[in-house]
Amino acid sequence: MTEPSIWSYQDNFDFRLEVGPDHEFHYPLEVQRGRYSRRKMLNAFQLDDQGQLRPGTQARTDEAVLFGGHIGCGKSTELRDYAELFRRSYTVHHLELTRLLDINNLRFSDLLIALVHALTQTFESEQLSLRPDPVYLNPVLNWFDARIVKQERFKDIEGEIKAEVKAQGGLPWLATLMATMTAKVRGGASYREELRREIRDGFLQLLGHFNALIAHANALLAHQGRGPLLFIMDGTDKLSKEDAETFFHADVNQLGQIRTNLIVCAPISVLLESGAVAQRFTRVQLPMVKIFNEDGTPREQEENALIELVLRRMPLAYFDSRETVRHLVRMSGGHVRDLLRLIRACFPLLEGEQITHDVAAQAVQDVASEYRRLVQQSDWADLVAIDRSEGEEKDRTEARLRLLYDLVLLEYNSYWWCSHPLVRTLRPYLKAQETAGAPPQDSPRG
């Protein structure tokens, strides 16, 4: 039988693949992330390691967690693992916001629409067969009817709801309305900002009605022996710096007033700040896979774990040696998405059916050049100083938070920073290293 071409494996390294607990590419990395443990997240919801409620405890109904880390470090995969555990004791809605909303132009009002829509899906589930009491459902219906549907400037929203759904009214009408509004917001309707303003201006009234409906849903779920609602919102970590500032600071108080269980993805820069976010939310941080120590020496067990992650997507025979894979792992810095990106960058350079060390070295240069534009001239000396400190330099300046956001700096457990190995290959970094009198350092050692 003819072996498949190496090109048949290229798409296996697309970081957009959704890898859940049952996916063939799934490879658990919890123990490879240093002192990171799932215990903090599970404890927040009174769960043991199997997702069961701890003896003598009750399920939470109003817990809010920010789950963050570097973009591409594996948060979405970890959240899918959490969702699988949570479903044993909670009624989980896992919202992939990059699918539902415009993540490049996201506002709190958009998220609120998505949450209302998810709640209607709970009631509509054939598996659950919940029958909402009109006492709790009608105030929400009436709010959207008065503030949105009956407004002339939003008339095309009502026009898109089918006649039979209008005739049914109630829950089917609300579910269809939320789906339509979500599509309008995502599609950038001309009146998107007006729609957001209407929701924002009437938020406090809607909040009371929505919270009452959530509590009612939890009571119905409990009557069936099911756990309360828990909403996982993935994708909010991909907000731009400006939108993240608005969403996690200006809107955080509104988010915190929703009386339900929430897990919200956040950029690493938000998790490192104090203020309202720290006061309202439990914070759980997912660090890099710790493939080297503070002094730069490699950690072979962690490297091997990432090598196995790669080999689940393409057999070793398509590399000239296991050490070529190890080289790419080391240059990724333990950042899962960059590891996939490095391997994918090898494909355009191929001359045969194997990724050779020379091909890998050229891919490293190509991807490293993309980081060059993210570093300002004043950053180079600071990056060298951080690396020389071996984890002791932790002042959270605005410039360093920017570098963390852009993945120029990577954070490991226990919360020490190191410049990305790709950045350490760049000439300005090497020049700053010479100026500082630092001995040359491999990226990383080994």
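Points to keep in mind about this one:
- Phi angles across the range 14-22 convert, under the Karplus curve 6.51 cos²θ - 1.76 cosθ + 1.60 with θ = phi - 60°, into 3J(HN,Hα) values of 6, 5, 7, 4, 8, 9, x, x, 9 Hz, Gly and Pro given as x.
- Summing charges over all other residues whose Cβ lies under 12 Å from the Cβ of R226, with Lys and Arg as +1 and Asp and Glu as -1, gives +2.
- Percent antiparallel among DSSP beta bridges (both partners in the chain, rounded to 5): 20 percent
- Shown for D81, D395: other C-beta atoms within 10 Å of each C-beta, ranked fewest to most, produce the order D395, D81.
- Per residue Cα convex hull volume in Å³ - calculated over the range 1-77: 152 Å³
- Kirkwood's formula applied to the C-alpha pairs of the range 58-166 gives a hydrodynamic radius of 17.1 angstrom.
- Share, in percent, of DSSP beta bridges within the range 37-286 that are antiparallel, nearest 5: 5 percent
- Its Kirkwood hydrodynamic radius, worked out from the mean inverse distance over all distinct Cα pairs, puts the range 37-286 at 18.7 Å.
- One Cα centroid belongs to the range 139-208, the other to the range 270-347; the line between them spans 43 Å.
- Computed on the Cα atoms alone, the convex hull of the range 282-387 gives a volume of 141 cubic angstrom per residue.
- Interchain or long-range residues, amide H under 5 Å from H94's placed H: I232
- For L262, the residues 5 or more places off, or on other chains, whose built amide H falls under 5 Å of its own are E63, A64, V65, F231.
- Note on the chain: Rg/Rh from Cα positions, Kirkwood definition for Rh, rounded to two decimals, is 1.02.
Each reported figure results from applying straightforward, stated rules to the coordinates on display, with no laboratory input. Not measured: the values here are computed from a predicted model. Don't worry about glycine lacking a Cβ; one is built from the backbone with ideal geometry, like all the others, and counts go over all protein chains shown.
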